[in-house]
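Student: Just dropping this structure here.
The values are calculated or read from the model by the stated rules, or taken from the named source; none is laboratory data. Remember, predicted model here, so these are calculated numbers, not experimental data. Virtual Cβ from ideal backbone geometry, glycine too; neighbours counted across all protein chains shown.
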Amino acid sequence: MTRVLLVDDDPSVCEVLAANLEAEGYEVDTVGDGPAGWDRIVETRPDLVVLDWMLPGRSGIDLLADLRRHPRTKDLPVVLLSAKARDAEIWEGWQAGANYYLTKPFQIEQLLYYLELLAAESTPRPA
Amino acid sequence: MELKLERHTAPSARRLSVRLLGLVVLHAGVTAVLVLLSAANAGRVGPTNEVIGLAAFFALVGLLPMHLELGRSACTFTLVEAVLVIALFALGPLGVVLTAALGEAIATLTQRQPLVKTLYRAASTSSAAAVAGLAFAAVGGAHAHGTAAYGCALVATAAFALCNHASTSLALALSGEGSFEDVFLVSASLAALASAVSGSIGLALKALSGQGWVAPLLLVPLVMVVALETRRAAAQRAERLRFERLYSASARTTGLQGFSAALAQAAAEARVLVTGSSAVCCAPDRDGTWRGMVVDDDGPRVAPEALLASTVALVEHAAGQEVRVDDLPAGLRSGLPAGQTAVVAGTTVSSAPSQPGGIALAVFRDFASDDQGEARARVLWAFVFHAALIATNALLFERVEEALRHQVDLNRQKDEFLAAVSHELRTPLASMLGSVETLRRLEGRLDADAKERFFTIAHRQGKRLQRLIEELLLTAAVEHRQELVVPEPVQLAEVLSEVAEDLAAQAHGRIVVSCEPSIGRVVTDPHKLRQVLTNLIENAAKYAPTGLIEVEAAPVSDERIEIRVIDHGPGVAPEDRARVFERFVQLDGSSTRSQGGTGLGLYLCATVAELLEATLDLTETAGGGATFVLCLPRSHSSFRPVGRPPVEATATGPGGLAGPGGMIDGTRRPGGPGLVGAGSSGGAGGFDSRASGPTAGREERR
């Protein structure tokens, strides 16, 4: 089963996402701030990450940049899901290494579609 | 003879001294060789008393400078050649050298010239005199008579003048006036003219001395008239040059520049204008604080405190004068360069629109004061008005620049605010739409509990959006001063206990109110005061999950009352205290208002407090926690006991957000609140619109 980690400090968003992802057959884990998100990724090695930008402790964009710097996490598929919707911010998100950037409010179907694509890409991943 | 050329830059005195010393050595060498040559040719000195007498005469005419001007060049000359002519006839070559060296040394020393200059002039004069003496001997002047003798004397005088001119040109070339040939040629005709005048006077003296001792004295009035007249011409020329410099200095200082740069430039120009070694220019800045820049050989820098203070005091003491620093009272001297002469101009009191608070300009000169001191003070006085003008312009320029920066800053803040608003609106909208979409997508697969949860999320986030929009509109209204303050006399104790009662459940009964009974009634807008207090207490309840929330009111003066909202939570770090009153600030960097606020509450508190003519500050609770201090006037300034504004005008307010039936009030439809279960954190708090009133908040509170 594909394991998804949700890193968002808004419990409502987490709950909404968790319900939908679980219904699609994903195994969902949730964490509410930046440092905890990093620890959880290192510990549990999820298959996909849905990451918020503005997080307590450490921003999602910093976290993503760090993930991309580490050889073991640099290919980890990450979808940035943020209320930051200015062009410059979206560009910054892509630059940091996001596989997809979704702005809030978002279409659940769209997120599910992206995750499906990413999961399909990464399943036959060697090593 | 001393040439005066157009020069704007004073060369470094130290470097010039070293170069002049080199010339002194050269001249001394030349003199020594020539003296030895004369001695070898049985040269004689002559009677000692005549040597001394002629040396004194030499010194006397050396003190009587005359001025000659031809085209753009001018020179100062003395009648030393006249004395030389007499000496040539009376003394031997060695005597002539001795007379010239002694006389020149006495003259320069009497003028209190620097030592190196005295040495140079004595050496150059004696070498020229040695040349003249040898030339006179060579053409046989000692044995000639009548016209032949006069011719010999003229040849010797010409040799003297040639040597002297060459030496002066060399000295000027060394001090950076231009190449030797240029300096030599540009003033050669002047030098020839000067020596011809001087030599002829000498010959006339010689001729008249044959008629007895009274006859030469007949020349004295004539010489005096010439001397006085040329003196006047010299002064005029100096004056003209100074004004030329003044105009070019003014022209150079008209660019747009900052205040310090303007002061530095004024000081630099003033320094050149009256050829000083350093200059200070001070003026008050926009706050009225005196600021000063000093300029010397090392360039401009900020004037030290003592120099600044002394310069300003100096202007009060001696504006428009040239004074010796050492002659000043002890209190004035601190920070000023000792042993120098100061040219002072300016005023410390505003006397014209161009001088908002005055200007102080002082130029310090290495040289002793001379007869041009008054003229220098005058030209500096003329320049100081220009300096005041450029200082004022610089202040204006800085102000305009700052206004522009402020505008750019405001624009950036507006952009950031818009981005923040967009972000703040998107976050709850995402949860709300997400919940609704989930309910639709997974309709058959959700149990009743889950459905209820998503309905709750949707509703709660909707309420949060509503509150956010209301507060945004209120923010806009308050910022554009469209919110009217309706002051009326109220019992403060009643307002406090009402607010506390309203929030009691939300704060789990932790609110304790204490109000000094002496406060009694205050005149303020009770609705707005309630809004501020509600938000402050809600804020305390959110961020201090445990401990009492104390609300204390006490008078601090006859006019003002302090209301403190004290919590015992984690508090706010001192460096973050100002930021909590900014819009959309989450101190932890998160995007979500985990505590359910909108990020506008405290900002609105501060802004509404301002409307109430109150101040709102954040301090620390003793023992930990945050204390908000609202300092409220007993009476609002807009309160009119008679003729109050009609009630309708306040209910709607121009462009106000509280219009009855307005869009944002539409949530109170019957059936609407049905979703608000016990678990809902219904977001409506203090800053809901007036029409829905505090009851709306009460109704949907936890």
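Student: Output the residues belonging to the stretch B:421-449 that are within 7 Å of another protein chain (Cβ to nearest Cβ) and among the hydrophobic types (A, V, I, L, M, F, W, C).
Tutor: Going through the stretch B:421-449, the residues within 7 Å of another protein chain (Cβ to nearest Cβ) turn out to be B:422-423, B:426-427, B:429-431, B:433-435, B:437-438, B:441-442, B:445.
Hits for the stretch B:421-449 are B:LEU429, B:ALA430, B:LEU433, B:LEU442.
Student: (1) over 30 Å from B:LEU228 (Cα atoms); (2) in contact (Cβ under 8 Å) with a residue 60 or more places away in the chain; (3) more than 20 Å from the chain's Cα centre (by Cα): which one isn't true of B:ARG376, the others all being true?
Tutor: In the conditions (1) over 30 Å from B:LEU228 (Cα atoms); (2) in contact (Cβ under 8 Å) with a residue 60 or more places away in the chain; (3) more than 20 Å from the chain's Cα centre (by Cα), B:ARG376 misses (1) alone.
Student: Let me confirm something: among B:ALA345, B:ALA388, B:ALA377, which residue is touching a helix residue (DSSP H, G or I) at 6+ places or on another chain (Cβ under 6 Å), of a type in the set (A, V, I, L, M) and at pLDDT 85 or above? First the steps, then the outcome.
Tutor: On the way: B:ALA388 fails: touching a helix residue (DSSP H, G or I) at 6+ places or on another chain (Cβ under 6 Å); B:ALA377 fails: touching a helix residue (DSSP H, G or I) at 6+ places or on another chain (Cβ under 6 Å).
Within the list B:ALA345, B:ALA388, B:ALA377, the selection yields B:ALA345.
Student: Of the conditions (1) under 27 Å from B:PHE417 (Cβ atoms); (2) in contact with a strand residue (DSSP E or B) (Cβ under 8 Å, 6 or more places away or on another chain); (3) surrounded by fewer than 22 Cβ atoms within 10 Å (Cβ to Cβ), B:ALA476 satisfies every one except a single condition; which number is it?
Tutor: So the condition that B:ALA476 fails would be (2).
Student: Quick one: count up the residues across the stretch B:92-113 that are assigned to a loop (DSSP other than H, G, I, E, B) and without any contact (Cβ under 8 Å) to a residue 24 or more places away in the chain. Step through it out loud before you land on a result.
Tutor: First, pick out the residues of the stretch B:92-113 that are assigned to a loop (DSSP other than H, G, I, E, B): B:92, B:111-113.
Filter once more, so that each one left must be without any contact (Cβ under 8 Å) to a residue 24 or more places away in the chain: B:113.
So the answer is 1.
Student: Answer yes or no as to whether B:ALA388 is crowded, with 18+ Cβ neighbours inside 10 Å, within 13 Å of another protein chain (Cβ to nearest Cβ) and assigned to a helix (DSSP H, G or I).
Tutor: Details: crowded, with 18+ Cβ neighbours inside 10 Å: yes; within 13 Å of another protein chain (Cβ to nearest Cβ): no; assigned to a helix (DSSP H, G or I): yes.
No.
Student: Let me ask something additional. Only one of (1) outside the structural domain of B:LEU600 (by TED's automatic domain parsing); (2) surrounded by fewer than 17 Cβ atoms within 10 Å (Cβ to Cβ) fails for B:GLU471. Which number is that?
Tutor: (2)
Student: Every residue in the stretch B:84-118 that is surrounded by fewer than 21 Cβ atoms within 10 Å (Cβ to Cβ) and either among the aliphatic types (A, V, I, L, M) or not assigned by TED's automatic domain parsing to the domain that holds B:SER209 (or both), please.
Tutor: B:ALA90, B:LEU94, B:LEU102, B:ILE106, B:LEU109, B:LEU115, B:VAL116
Student: Return the total of residues in the stretch A:44-83 being assigned to a helix (DSSP H, G or I), within 14 Å of another protein chain (Cβ to nearest Cβ) and either of a type in the set (A, V, I, L, M, F, W, C) or free of Cβ contacts under 8 Å to residues at least 12 places away in the same chain (or both).
Tutor: Keep residues of the stretch A:44-83 that are assigned to a helix (DSSP H, G or I), which gives A:44, A:60-69.
Still in the list and also within 14 Å of another protein chain (Cβ to nearest Cβ): A:60-63.
Still in the list and also either of a type in the set (A, V, I, L, M, F, W, C) or free of Cβ contacts under 8 Å to residues at least 12 places away in the same chain (or both): A:61, A:63.
So the count comes out to 2.
Student: For B:ALA505, are the conditions met, namely being among the hydrophobic types (A, V, I, L, M, F, W, C) and closer than 30 Å to B:ALA554 by Cβ? Explain how you work it out, then say what you get.
Tutor: Working: among the hydrophobic types (A, V, I, L, M, F, W, C): yes; closer than 30 Å to B:ALA554 by Cβ: yes.
Yes, satisfied.
Student: If you don't mind, there's one more thing I want to ask. Consider only pairs whose beta carbons are under 7 Å apart and that are at least six residues apart or on different chains; among these, list those whose first residue lies in the stretch B:400-426 and is without any contact (Cβ under 8 Å) to a residue 40 or more places away in the chain and whose second residue is small (Gly, Ala, Ser).
Tutor: Matching pairs, first to second residue: B:SER422/A:ALA85; B:ARG426/A:ALA83; B:ARG426/A:ALA85.
Student: State all residues of the stretch A:110-124 that are of a type in the set (A, V, I, L, M), surrounded by fewer than 19 Cβ atoms within 10 Å (Cβ to Cβ) and away from chain B (no Cβ under 14 Å); if no residue qualifies, say none. Write out each step before concluding.
Tutor: Here is the first cut: in the stretch A:110-124, the residues of a type in the set (A, V, I, L, M) are A:111-112, A:115, A:117-120.
Add one more test, that the residue is surrounded by fewer than 19 Cβ atoms within 10 Å (Cβ to Cβ), and what stays is A:112, A:117, A:119-120.
Once the filter is applied, which keeps residues that are of a type in the set (A, V, I, L, M), surrounded by fewer than 19 Cβ atoms within 10 Å (Cβ to Cβ) and away from chain B (no Cβ under 14 Å), the stretch A:110-124 yields A:LEU117, A:ALA119, A:ALA120.
Student: Is at least one residue of the stretch A:1-13 over 24 Å from B:GLU416 (Cα atoms), more than 8 Å from every other protein chain (Cβ to nearest Cβ), among the β-branched types (Val, Ile, Thr) and buried (at least 20 other Cβ atoms within 10 Å of the Cβ)?
Tutor: Looking for residues that are over 24 Å from B:GLU416 (Cα atoms), more than 8 Å from every other protein chain (Cβ to nearest Cβ), among the β-branched types (Val, Ile, Thr) and buried (at least 20 other Cβ atoms within 10 Å of the Cβ), one finds at least one in the stretch A:1-13, hence yes.
Student: Only one residue in B:GLU538, B:GLU501, B:GLU452, B:GLU494 is at pLDDT 85 or above, within 14 Å of another protein chain (Cβ to nearest Cβ) and out of contact with any strand residue (DSSP E or B) (no Cβ under 8 Å at 6 or more places or on another chain), so which one is that?
Tutor: On the way: B:GLU538 fails: within 14 Å of another protein chain (Cβ to nearest Cβ); B:GLU501 fails: within 14 Å of another protein chain (Cβ to nearest Cβ); B:GLU494 fails: within 14 Å of another protein chain (Cβ to nearest Cβ).
Exactly one of B:GLU538, B:GLU501, B:GLU452, B:GLU494 is at pLDDT 85 or above, within 14 Å of another protein chain (Cβ to nearest Cβ) and out of contact with any strand residue (DSSP E or B) (no Cβ under 8 Å at 6 or more places or on another chain), namely B:GLU452.
Student: Hey, another quick one. Do you know which residues across the stretch B:202-252 are among the aromatic types (Phe, Trp, Tyr) and either part of a helix (DSSP H, G or I) or in the same structural domain as B:ALA377 (by TED's automatic domain parsing) (or both)? Walk me through it before giving the result.
Tutor: Keep residues of the stretch B:202-252 that are among the aromatic types (Phe, Trp, Tyr), which gives B:213, B:243, B:247.
Residues satisfying the conditions are B:PHE243, B:TYR247.
Student: Where residues in the stretch B:455-479 are touching a Pro at 6+ places or on another chain (Cβ under 6 Å) and not aliphatic (A, V, I, L, M), which of them is modelled with the highest pLDDT?
Tutor: Step one: list which residues in the stretch B:455-479 are touching a Pro at 6+ places or on another chain (Cβ under 6 Å), which gives B:461, B:464-465.
Next, from what is left, pick out any that are not aliphatic (A, V, I, L, M): B:461, B:464.
On the way: B:GLN461: 90, B:ARG464: 86.
The extreme case among them is B:GLN461.
Student: Residues being within 12 Å of chain B (Cβ to nearest Cβ) and either closer than 24 Å to A:TRP94 by Cα or in contact with a helix residue (DSSP H, G or I) (Cβ under 7 Å, 6 or more places away or on another chain) (or both): count how many of those fall in the stretch A:19-36.
Tutor: Counting residues in the stretch A:19-36 that are within 12 Å of chain B (Cβ to nearest Cβ) and either closer than 24 Å to A:TRP94 by Cα or in contact with a helix residue (DSSP H, G or I) (Cβ under 7 Å, 6 or more places away or on another chain) (or both) gives 9.
Student: Does B:ARG481 fit the bill of being within 54 Å of the chain's Cα centre (by Cα) and over 26 Å from B:ILE537 (Cβ atoms)? First the steps, then the outcome.
Tutor: Details: within 54 Å of the chain's Cα centre (by Cα): yes; over 26 Å from B:ILE537 (Cβ atoms): yes.
Criteria met by B:ARG481.
Student: Still on this model: Kindly indicate the residue of the stretch A:84-109 that is polar (S, T, N, Q) and away from chain B (no Cβ under 13 Å) and also nearest to A:LEU5 (Cα to Cα) among those meeting that condition. Full working, then the answer.
Tutor: So in the stretch A:84-109, the residues polar (S, T, N, Q) come out as A:95, A:99, A:103, A:107.
Imposing the further condition that a residue be away from chain B (no Cβ under 13 Å) reduces the set to A:95, A:99.
On the way: A:GLN95: 21, A:ASN99: 15 Å.
Out of the qualifying residues, it is A:ASN99.
Student: Now a separate question. For the stretch B:482-507, give me each residue that is free of Cβ contacts under 8 Å to residues at least 24 places away in the same chain and either surrounded by 19 or more Cβ atoms within 10 Å (Cβ to Cβ) or more than 15 Å from B:ASP525 (Cα to Cα) (or both).
Tutor: The first filter runs over the stretch B:482-507 and keeps only residues free of Cβ contacts under 8 Å to residues at least 24 places away in the same chain, leaving B:494, B:497, B:501, B:504.
Hits for the stretch B:482-507 are B:SER497, B:GLU501, B:ALA504.
Student: When only residues in the stretch A:84-109 that are of a type in the set (A, V, I, L, M) and assigned to a helix (DSSP H, G or I) count, which is surrounded by the most Cβ atoms within 10 Å (Cβ to Cβ)? So that I can check it myself, show each step before the final result.
Tutor: Of the residues in the stretch A:84-109, the ones of a type in the set (A, V, I, L, M) are A:85, A:88, A:90, A:96, A:98, A:102, A:108.
Among the residues that remain, those that are also assigned to a helix (DSSP H, G or I) are: A:88, A:90, A:108.
On the way: A:ALA88: 9, A:ILE90: 17, A:ILE108: 20.
So, considering only residues that are of a type in the set (A, V, I, L, M) and assigned to a helix (DSSP H, G or I), the one surrounded by the most Cβ atoms within 10 Å (Cβ to Cβ) is A:ILE108.
Listed here are the residues, each with its yes/no results for (1) touching a Leu at 6+ places or on another chain (Cβ under 7 Å); (2) under 18 Å from B:ASN393 (Cβ atoms).
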site	(1), (2)
B:GLY210	no, no
B:LEU219	yes, no
B:ALA234	no, no
B:PHE243	no, no
B:SER248	no, no
B:ALA251	no, yes
B:ALA261	no, yes
B:VAL274	yes, no
B:CYS281	yes, yes
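Student: Something else about it: Looking at B:ARG271, B:ARG324, B:ARG333, B:ARG291, which is the one that is touching a helix residue (DSSP H, G or I) at 6+ places or on another chain (Cβ under 9 Å), farther than 23 Å from B:GLU402 by Cα and of a type in the set (D, E, K, R)?
Tutor: On the way: B:ARG271 fails: touching a helix residue (DSSP H, G or I) at 6+ places or on another chain (Cβ under 9 Å); B:ARG324 fails: touching a helix residue (DSSP H, G or I) at 6+ places or on another chain (Cβ under 9 Å); B:ARG291 fails: farther than 23 Å from B:GLU402 by Cα.
B:ARG333 is the lone residue from the list that is touching a helix residue (DSSP H, G or I) at 6+ places or on another chain (Cβ under 9 Å), farther than 23 Å from B:GLU402 by Cα and of a type in the set (D, E, K, R).
Student: Evaluate the stretch B:312-324: report whether one residue or more is under 20 Å from the mean Cα position of the chain (by Cα), small (Gly, Ala, Ser) and in a helix (DSSP H, G or I).
Tutor: Yes, that holds for at least one residue.
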